[in-house]
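Student: Handing you this structure, nothing more for now.
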Amino acid sequence: MTPSTLQHLRDTYKARRNDVIESYRKHVRPEKLLGGLRRVTDQTLRDILKVTPLPKGACLAAVGGYGRGELFPWSDIDVLILLAREPDQNDQGLLEALVTALWDLGFDVGHSVRTLEDCRREAANDITVETALMEVRWLAGNKPLLAALQTAMAEQRDPQAFFQAKRAEMQQRHARHQDTPYALEPNCKEAPGGLRDLMVILWIAQASGIGQTWREIGQTDLLTPAEYRALRRAELAFKRLRIELHLLAGRREDRLLFDLQPALAKIYGFEATKTRRASELLMQRYYWAARVVNQLNTILMQTFEERLFPPPANSDSIIDDDFCIRHNRLDIRRPDALERNPTLLLRAFLVMQERPDLTGLSAQVMRAMWHARRQIDTQFRRNPVNRYLFLQIFQQPRGIVHALRRMTLLNILPRYLPEFRKIVGQMQHDLFHAYTVDQHTLRVIRNLRRFTMPEHAQEFPLASQLVADMDRHWLLYIAALYHDIAKGRGGDHSELGAKDALRFCKQHNISAEDTDLVVFLVREHLSMSSFAQKRDLTDPHTIHEFSARIKTERRLAALYLLTVADIRGTSPKVWNSWKGKLLEDLYHLTHEALGGNPPDTGTVLARRKEEAAAEIRLLGLRDETREAFWKELDVAYFLRHDASEIAWHTRHLYHRVEAPEPVVKARVIGQNQGLQVMVYIKDRPDLFVAICGYFDQHTLSIQDARIHTTRHGWALDSFIVLLPNQDTDYRSWATLIEHELATALALGHPLPPERPASQVRSRISRRSRVFPIVPNISLQPDENSRSWRLALTASDRPGLLYSLARVLARSGIDLKMAKILTLGDRVEDVFMIEGDVLENPRTQLQFERNLLGQLSDAFGT
């Protein structure tokens, strides 16, 4: 093919393609665009064959989506070159010239070259090939040969084997997408509830001889008219969405990436409200559509199974007047049972929980539920029987999470609780929740449920013990159901959710005592996490304040359980063992205070010294050996460190109170919960920033810092650090840090440079770039000392703490304590600081501006 011919074909194809896309932009008719692009591509391929012909007797056919007659703007062009015989050398030359011409034209071609026998053999061994050949469509060449292929494939096809293979393939695909349509960046083609799920239904219907098109299938008893309309609406909606993604990205892109969501929302005409972004409204609409597809896919796949693998005659087992067991699944004895008695909508889930021999709901039951869901109205919700049944679901010893997931999938739970319906598919752009609000809620309930299972007791021994000792632990599930139910309304979602929970408890006749617990948990569900991760737990005032807020041991146990389940349900990245230790410490300290031992400074100081002395004696050290070291430590030191830490420090420092060289020691906390690093060195202004620089260079994440200066001017600093992702070799790291950090501090190496802004930006997550948190700083004097409390919130980025430490050093700030809280891509840090610049309003304001500038630089905000 000459360059001029190639250029002419390329220009003609491009012009025709642009005309089709321009027409779509004016009229927004998805199927017209897909058909138009297919016709343009068909014609171009036939034009190419005039210049680079097929081998003699061969056929060119479209397969896959292109064979179906649908071509998205940037989809692959999948073609089959069907040969009448094995290719000789001349045929090989023609094939190579044709494929080269296709690539030279700019086509993203997926091509295969097969004989009829090749197709038979490969289709028999590969369900993907068999599926692609079901949609084969003639483009050029030998029509009888293609007809022979279609006949051979039809004769070879086994509907039962095809169904089993497609179901297994679908399950694997769903697993790759975490088995949920609610991913924050879902793939509208491959994820559960996407286009591929619709196509699976169509393929199985075709293989089973039910129909070749949606219209034909809709005229059978496989689909009701309402289901047919719902599927067609969903199909058109997903086709348009995929088209818009391709056009917006300018490439084949089927994921609703964070970067694309705002622009997509604008295309669809969504506008932001006072409480929600336009992109959040777009995504909620997507999730609702995906849920419909997921529902109908589940129902129809089960319908296919029951038709293709019918149970033996007379195999039904009657449960009661309404339900029976068919195919090991719960079924209804009359097709109109749920319409006649809507109460069965809830009782069906209760029966499922009571019968462990049942493997699921039958297709007939799920279909009946889907059609009867609108029976759940105000009158239904007020019915005392329905309220009783709903509570019973939470009180069963098994099947609670499965029941709630089924109820959500089939739109029963959102119908019964209108307040829950508002959070279905609602995104959370707080940079640490990885799931929509409704899915996060179900995960929290799942985590609480795991605490009750003996097989999971080793995960959280304290949680398992507490839940075993708790009366009516099902109340925790109600609290979890409501803890985030007011997200997205504006205002304090904890307070608004508590009001909703109070109304629910009263409507469902929950006792006053239990209502008080549920409402308390919803209102305070963030408080334990906040105290544990942002406050100094060695300060008696902190424990006293938290105890006064909790009041009872029952509340404390319940709040601990809900807090652990909640944090673990936000994102796999948010929970770590250090957070778990902080929560356990706060639980035990508060439990002791509530048990009649409220802490006061004098008592705590005396007890801590005595406990530390006892540990030191066990190490073989006499009391007088520690005095030289202890006399240099003030009251603040003993209040900020627990007995174990004091003993550890003393063991390594009692004989080198005025050590000329830096002393660095590291130890593993608990069961690999982190590393505690102690640094003892003559104090100097840049010490904290130098230590932060070392940790930053080694990608060690600081979780806690306690900065202390002895009476004679030595720094005694203690850090809790976590290792880089996936690294668990804590002991090797401890040895490395002890050697390297001591050497670096002794030699006084220059501070490492901050990371270049371009490097930082390249490592910031897409989510942080598209939905950044506006940096916020709060600087308040501490009422209990001359220190100031600096609290900041911002999007996380590499090297952030080191950058902040440099600002503190340049401003002459002395750091007394740091609590570092990382929540996914969000940081919420608290520092106790002192410095002359804080005493003057003008210099204090400049200091805050410098901090804000550092927090904003990498994002260009």
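The values are calculated or read from the model by the stated rules, or taken from the named source; none is laboratory data. All figures in this text were calculated on a predicted structure; none of them were measured in a lab. Quick reminder, even Gly has a Cβ in these numbers, built from the backbone with ideal geometry, and neighbours come from all protein chains shown. Please note that ligands, DNA and RNA were not included when accessible areas were found on the heavy atoms of the full protein model with its side chains. Shrake-Rupley method; radii C 1.70, N 1.55, O 1.52, S 1.80 Å.
Student: Given the criteria touching a Ser or Thr at 6+ places or on another chain (Cβ under 7 Å), of a type outside the set (S, T, Y) and open to solvent by less than 10 Å² (accessible area, probe 1.4 Å), does A480 qualify? Break it down into steps so the answer makes sense when it comes.
Tutor: Details: touching a Ser or Thr at 6+ places or on another chain (Cβ under 7 Å): yes; of a type outside the set (S, T, Y): yes; open to solvent by less than 10 Å² (accessible area, probe 1.4 Å): yes.
So A480 fits the description; yes.
Student: Somewhere in the range 301-322, is a residue open to solvent by less than 70 Å² (accessible area, probe 1.4 Å), assigned to a strand (DSSP E or B) and within 24 Å of I204 (Cα to Cα)?
Tutor: The answer is no, given that none of the residues of the range 301-322 is open to solvent by less than 70 Å² (accessible area, probe 1.4 Å), assigned to a strand (DSSP E or B) and within 24 Å of I204 (Cα to Cα).
Student: Within the bounds of the range 502-525, is there any residue that is modelled with pLDDT under 95 and at positive phi?
Tutor: Filtering the range 502-525 for residues modelled with pLDDT under 95 gives none.
There is no residue in the range 502-525 that is modelled with pLDDT under 95 and at positive phi.
Student: Please verify whether the range 125-147 includes one or more residues that are of a type outside the set (S, T, N, Q), in contact with a helix residue (DSSP H, G or I) (Cβ under 7 Å, 6 or more places away or on another chain), farther than 25 Å from L71 by Cα and in a helix (DSSP H, G or I).
Tutor: No.
Student: Every residue in the range 208-217 that is open to solvent by 10 Å² or more (accessible area, probe 1.4 Å) and in contact (Cβ under 8 Å) with a residue 12 or more places away in the chain, please.
Tutor: Looking only at the range 208-217, we keep the residues that are open to solvent by 10 Å² or more (accessible area, probe 1.4 Å), and these are 208-210, 212-216.
Selection gives S208, G209, I210, W214.
Student: Quick one: in the range 82-106, of everything that is free of Cβ contacts under 8 Å to residues at least 60 places away in the same chain and within 43 Å of the chain's Cα centre (by Cα), which residue is farthest from N142 (Cα to Cα)? Steps first, please.
Tutor: Taking the range 82-106 and keeping what is free of Cβ contacts under 8 Å to residues at least 60 places away in the same chain, we get 83, 85-96, 98-100, 102-103.
Then drop every residue that is not within 43 Å of the chain's Cα centre (by Cα), which leaves 99, 102-103.
Values: V99: 18, L102: 20, W103: 23 Å.
Selected residue: W103.
Student: Let me ask another. Restricting attention to the range 535-571, which residues are among the basic types (K, R) and under 24 Å from the mean Cα position of the chain (by Cα)? Lay out the reasoning, then the answer.
Tutor: Taking the range 535-571 first, the residues among the basic types (K, R) are 535, 549, 551, 554-555, 568.
R568 - this is the single residue of the range 535-571 that is among the basic types (K, R) and under 24 Å from the mean Cα position of the chain (by Cα).
Student: Looking at (1) open to solvent by 30 Å² or more (accessible area, probe 1.4 Å); (2) touching a strand residue (DSSP E or B) at 6+ places or on another chain (Cβ under 8 Å), which one does T843 not meet, given that it meets all the others?
Tutor: (2)
Student: When you scan the range 404-468 for helices (runs of 4 or more DSSP H) that lie fully inside it, which ones turn up with 1 or more residues that are within 13 Å of K487 (Cα to Cα) and open to solvent by less than 40 Å² (accessible area, probe 1.4 Å)?
Tutor: Working: elements: 412-416, 418-421, 437-451, 461-468.
Here the list reads 418-421, 437-451.
Student: Suppose we filter the range 452-485 for residues that are over 22 Å from D516 (Cβ atoms) and of a type in the set (F, W, Y); how many remain?
Tutor: 1
Student: Tell me, which residue of the range 127-146 that is without any contact (Cβ under 8 Å) to a residue 40 or more places away in the chain and under 24 Å from G193 (Cα atoms) is surrounded by the fewest Cβ atoms within 10 Å (Cβ to Cβ)? Working first, answer last.
Tutor: Here is the first cut: in the range 127-146, the residues without any contact (Cβ under 8 Å) to a residue 40 or more places away in the chain are 129-130, 144.
Narrowing further to those that are under 24 Å from G193 (Cα atoms): 129-130.
Details: V129: 19, E130: 23.
Once the filter is applied, the top-ranked residue is V129.
A quick yes/no check of all residues on (1) in a loop (DSSP other than H, G, I, E, B); (2) modelled with pLDDT under 95; (3) surrounded by fewer than 16 Cβ atoms within 10 Å (Cβ to Cβ); (4) in contact with a Lys or Arg (Cβ under 9 Å, 6 or more places away or on another chain):
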residue	(1), (2), (3), (4)
Q533	no, yes, no, yes
T542	no, yes, no, yes
Y560	no, no, no, no
I567	no, yes, no, yes
K581	no, yes, no, no
H591	no, yes, no, no
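Student: Continuing with this model, one more query. Got a number for residues in the range 607-627 being open to solvent by less than 50 Å² (accessible area, probe 1.4 Å) and either hydroxyl-bearing (S, T, Y) or under 16 Å from V657 (Cα atoms) (or both)?
Tutor: Taking the range 607-627 as the starting set, the residues that turn out to be open to solvent by less than 50 Å² (accessible area, probe 1.4 Å) are 608, 612-614, 616, 621, 625-626.
Among the residues that remain, those that are also either hydroxyl-bearing (S, T, Y) or under 16 Å from V657 (Cα atoms) (or both) are: 621, 625-626.
Within the range 607-627, residues that are open to solvent by less than 50 Å² (accessible area, probe 1.4 Å) and either hydroxyl-bearing (S, T, Y) or under 16 Å from V657 (Cα atoms) (or both) number 3.
Student: Let me ask you something else. Kindly provide the set of residues from the range 150-206 that are among the acidic types (D, E) and buried (at least 16 other Cβ atoms within 10 Å of the Cβ), ordered by number. Write out each step before concluding.
Tutor: Step one: filter the range 150-206 for residues among the acidic types (D, E), giving 155, 158, 169, 179, 185, 190, 197.
Listed by number, the residues that qualify are E190, D197.
Student: Something else: Restricting to the range 809-840, give me the number of residues that are open to solvent by 30 Å² or more (accessible area, probe 1.4 Å) and assigned to a helix (DSSP H, G or I).
Tutor: Within the range 809-840, residues that are open to solvent by 30 Å² or more (accessible area, probe 1.4 Å) and assigned to a helix (DSSP H, G or I) number 5.
Student: Being open to solvent by 50 Å² or more (accessible area, probe 1.4 Å), closer than 26 Å to H591 by Cβ and in contact (Cβ under 8 Å) with a residue 24 or more places away in the chain is the filter here, so list the residues in the range 483-513 that pass it.
Tutor: Result: no residue meets the conditions.
Student: Looking at R786, R806, can you tell me which residue is outside any helix (DSSP H, G or I) and open to solvent by 20 Å² or more (accessible area, probe 1.4 Å)?
Tutor: Values: R806 fails: outside any helix (DSSP H, G or I).
Result of the check over R786, R806: R786.
Student: What is the number of the single condition among (1) open to solvent by less than 50 Å² (accessible area, probe 1.4 Å); (2) under 27 Å from F163 (Cβ atoms); (3) not in a helix (DSSP H, G or I) that W370 does not meet?
Tutor: It fails just one condition, (3).
Student: Which numbered condition in (1) crowded, with 22+ Cβ neighbours inside 10 Å; (2) farther than 30 Å from V635 by Cα is the only one that M528 fails?
Tutor: Condition (2) is where M528 drops out.
Student: How many residues does the range 147-165 contain that are free of Cβ contacts under 8 Å to residues at least 40 places away in the same chain and more than 20 Å from L116 (Cβ to Cβ)?
Tutor: First pass over the range 147-165, keeping only residues free of Cβ contacts under 8 Å to residues at least 40 places away in the same chain: 147-148, 150-156, 158, 161, 164-165.
Those still in the list that are more than 20 Å from L116 (Cβ to Cβ) too: 161, 164-165.
Selection size over the range 147-165: 3.
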